[in-house]
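Accompanying notes for the structure given below.
The values are calculated or read from the model by the stated rules, or taken from the named source; none is laboratory data. A quick note: this is a predicted structure, and the numbers were derived from the prediction, not measured. Positions of Cβ are backbone-derived with ideal geometry, glycine not excepted, and every protein chain shown enters the neighbour counts. Quick note on the areas: whole protein, heavy atoms, side chains included, nothing else; ligands and nucleic acids left out. Shrake-Rupley method; radii C 1.70, N 1.55, O 1.52, S 1.80 Å.
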Amino acid sequence: MVGTMTTSAVRVIHNYVNGEYTETHGGRSFAKMNPATGEVLADVDEADQQLVDHAVMSARRALDNGWANTPVRERAALLRRAADRIEERFEEFVAAEIADTGKPITQARELDVARALINFRTFADVAAAAGQESFLTDLAGGRQALNYAIRKPLGVVAVIVPWNLPLLLLTWKVAPALACGNAVVVKPSEETPSTAALLAEVLEEVGLPAGVYNVVHGFGADSAGEFLTTHPGIDGVTFTGSSATGSHVMKSVAQRVRPVSFELGGKNAAIVFDDVDIDEALNGLTKSVFANTGQVCLCTERVYVQRNVFDEIAAGLVERAETLRLGNPTDESTTTGPLISQAHRAKVVGYFALAEQSGARTLTGGGIPDLGPDLAGGSWVEPTLWTGLSNADRVVREEIFGPVAALIPFDTEEEAIGLANDTQYGLAAAVWTNDLRRGHRVAQRMRVGISWVNTWFTRELRSPFGGVGLSGIGREGGDSSLHFYTQPTNVCVQL
Ligand code: NDP
């Protein structure tokens, strides 16, 4: 049986457990829609408790059968082969990601699938280069003890990922987990099952032992997600998703005292100072507000602009928003896709109404575009900008996760810092200024996991990544990933 099969126009996507494509015992499945058109794209098997048990047990067996003790250079070599194989099957991954999410082809190529390769290659390098801590400890009587720490895999890791950057976020976790000798059970979002299924094919092709990578499909609560996070056989959970779900997952995992790594929501600020190169700032803001239709945890939804350039920035951003091209995702000139689902669109459109009730002035957007009959069933919204709101308004406090931003003026640096930090979230911030000292000063005072100056979404995968406050717990990336996906045992030898 294959991972994805086509029956008429609708594919069937199975769970992948212990190296086999497995149907659910109860035969339950769900329909996956194409968000650009509203058509049914795939019929996905929904994993039940029994199948999740099977996946966790298979992962444990794979560890015990030797995967956990495979030399790191072999694991790193396998990761590099996986990257090469994704590169060979690049366009298949691109097509799968577009079908699931509706994102524009240029983005799927240049960001989503490209980053999957980089994730595998980076963590192969990071794991292969990792050293061990050791200390010589002075003891009474002139004797010494040698302390060193060996790092063992965490074990069976539950990997739960959202729908916005499905392959990118999946491989960001799976690559370091495998590099460290763990076995994983992956639960992709029910909205984006395809690339996790394709990755199973690739990992099998490059010789990953059965049971090391398992995929269970389904929903969160009362379904595969919850069966997995509450499973007694799980040694740790790495989760990317909303803060509300993260809090729920944390409660489940807390009962068994397992480590968690949480990358959660954001309500990210940009601060634009009047000394900035206006064009450069506008180009950056256009990306940071509208990339992936605003569905990136790092996207900017609050733009604080120094008062004397406020009108110029607002007008420039409106002009750029209105030149974005919404349309068929496979058209190379398309810049902006739909939202992920009708349910998510209903949420975003709810904020359009709330903004108006809160007294906002909608500078552009605020509605549902007419893109013709072929795309009429898709979950499209217009890129939207507001003024007239303040930090007290819900629209400025809550994560919307759409192509939207509120523009708010400020007068002084201190005021801007206060406004940007006035949030329960703390994922990312961007500071736009030509004053280098100010850039460093303000960036360092942002209460966030990552603070950019004159750029946005520039990532160094060896740097720690994560959030503060409602935006997460822990850090991944580089050595931080190695720390999360391993457990140290300190060995102390008296010399
Ligand atoms: P959700 O929190 O709704 O879902 C995330 C994942 O958790 C999905 O696979 C979901 O399954 C699963 N899930 C839901 N409920 C449970 C449960 N009770 N137990 C176990 N698993 C569960 O997030 P979205 O998918 O809507 O993604 C958008 C969110 O992700 C935004 O808040 C965004 O900011 C955040 N995010 C954070 C990033 C970061 O690095 N900080 C990066 C990208 C996104 P299902 O979808 O099938 O219900």
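At-a-glance table
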read-out	value
Test: residue in segment 196-208 that is in contact with a Ser or Thr (Cβ under 8 Å, 6 or more places away or on another chain), under 17 Å from Ala224 (Cβ atoms) and near the ligand (Cβ under 9 Å from one of its atoms)	no
Tally of residues being within 16 Å of Leu165 (Cβ to Cβ) and crowded, with 16+ Cβ neighbours inside 10 Å across segment 451-465	4
Residue selected from segment 125-137 under the condition outside any loop (DSSP other than H, G, I, E, B) and in contact with a helix residue (DSSP H, G or I) (Cβ under 6 Å, 6 or more places away or on another chain), by the criterion most open to solvent (accessible area, probe 1.4 Å)	Ala128
Considering residues of segment 151-173 that are closer than 12 Å to Tyr485 by Cβ and open to solvent by 10 Å² or more (accessible area, probe 1.4 Å) only, the residue farthest from the ligand (Cβ to nearest atom)	Lys152
Exclusive hit being of a type in the set (Val, Ile, Thr), modelled with pLDDT of 95 or more and open to solvent by less than 10 Å² (accessible area, probe 1.4 Å), set Thr423, Thr433, Thr412	Thr433
Enumeration of residues in segment 107-124 that are of a type outside the set (Asp, Glu) and either at pLDDT below 95 or open to solvent by less than 10 Å² (accessible area, probe 1.4 Å) (or both)	Ala108, Val113, Ala116, Asn119, Phe120, Phe123, Ala124
So Pro176, is it away from the ligand (no atom under 14 Å from the Cβ) and either open to solvent by less than 10 Å² (accessible area, probe 1.4 Å) or more than 26 Å from Ser29 (Cβ to Cβ) (or both)	yes
Pick from segment 302-341, criterion polar (S, T, N, Q) and surrounded by 16 or more Cβ atoms within 10 Å (Cβ to Cβ), ranking: nearest to Asp100 (Cα to Cα)	Ser341
Which listed residue, of Ala140, Ala95, is open to solvent by 40 Å² or more (accessible area, probe 1.4 Å) and under 22 Å from Arg11 (Cα atoms)	Ala95
